[in-house]
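Bear in mind that the values in this text are calculations on the coordinates, not laboratory data. A quick note: this is a predicted structure, and the numbers were derived from the prediction, not measured. Ideal geometry is used to build each Cβ from the backbone, glycine not excepted, and the neighbour counts take in all protein chains shown.
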Amino acid sequence: MFFLSNYSPGPLLPDQGTIALAENENFGPRLMSGSVSPERGRVGSSFTFQVVYINPENVPPVYVYLKLDNFIFPENLLEENYITFSMDFTGGDYTTGAIYSFTWKVFEEYIGPHIYYFEARVGDMTLRFPENDVCYGPVVLGLENNQPPVLSGSVSPQEGTAGDVFGYTAIYWDNEWDPPQYVSVYIDGVSHPMAQTGGDYENGLIYAYSWRTTVADAGYHTYYFRTSVGIDNVSFPENGFFEGPFVAEPPPAAPNRPPSLSQGTVYPEVGYAGEKFTFEVTYMDPDGDPPSRIEVTIDNARYGLEKIAGDPENGARYRYVSENLTRGIHLHYFEASDGRENARFPQVGVLTGPVVTEPRSVSSYVTLVIVGGLIVLFVLLSAAFYVLRRKHKSES
């Protein structure tokens, strides 16, 4: 049973005929712990409804009623649509909890789910449980195996391509409201269990199964549905099977066009150890595929490049910056792949560069200045000596 009210059932003790008092004994008269047992049963079964009446002043109720729906949908149910049953005192006392009961033996016209509530009168006060809502139950089932369940179903879409998902839907209905032991779809004779996704016993329970196809599933298929309520199996269609879906092979993939590399450069071409040397190359792919890898190999060591601009179809520029090249002449080349085919620049051989030299020290600059100064001084002295010598010859 499912309660919609804010009340929750208390600990009913049928063998003692009482329930524990609430901690606050200043409550007025009230109804609580309403229930029905069993919650499901077939036509001809007996259902026992119970509710507890408490009055701290030990005043008995004028009446205690069970209000049971007359099998009309709850959204249309009015007070006059309920059947009223008078409940009997069966144990306990009014101050600690008096139990009232009613046993209902159902007939075929009451097959289906029901709702109910309890009502009592004490003095000029009307009590109700639940206070503002109703209780759900019991569910009355038809006579066992009176009629077999009804099953229907379909698949959607009727055709598609390998890799598509095909949805199978079955609707189960039983006039006795018996739940199915299983609902399955048989695809090409192989059973696949279906899961309930919605519906109700009044309009039918909905079951579903999804089949994700692969290339191996290409071709024509068949299907049918099957269920059981314990004794008889029911198939849809009753005999044979349905054709479908048709699964087509996927179209062949377009041939891959290889990528290319161009405009590989290094800057500067000549520099000192410790400087930054920038390696760049342009990657192009007519299919628009980005590179799965793009690298520059410098002296047999590989380094990944990062994209700095552009796109594969029109040309994307990639860069790597090195700061640890040692003194000497270096060799390099570029490589890339779109995941299927490779590209290289240059296509054959390697590129020379950069040339790395030792950085000039302060002492080398000082030496250069001193040597240069001495040279200049020597030239000046030589010129002065030459002028004096010519002057002396002219005077003599």
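Residues in the stretch 173-198 near a label at Leu143, defined as backbone nitrogen under 14 Å from the 7 Å Cα→Cβ point? Inside the label zone: 176. Most tightly packed first, judged by the mean number of other beta-carbon atoms within 10 Å of their residues, the peptides 275-281, 301-307 read 275-281, 301-307. Full extension of the chain between Arg327 and Val62 yields a length gain of 84.4 nm, computed as 0.36 nm times the residue separation minus the alpha carbon distance. Local charge for His330 was computed over the other residues whose Cβ lies under 13 Å away, with Lys and Arg +1 and Asp and Glu -1, and equals -2.
With a cut-off of 14 Å on the backbone N, the residues of the stretch 208-222 near the modelled label site 7 Å out from Gln158 along Cα-Cβ are 221.
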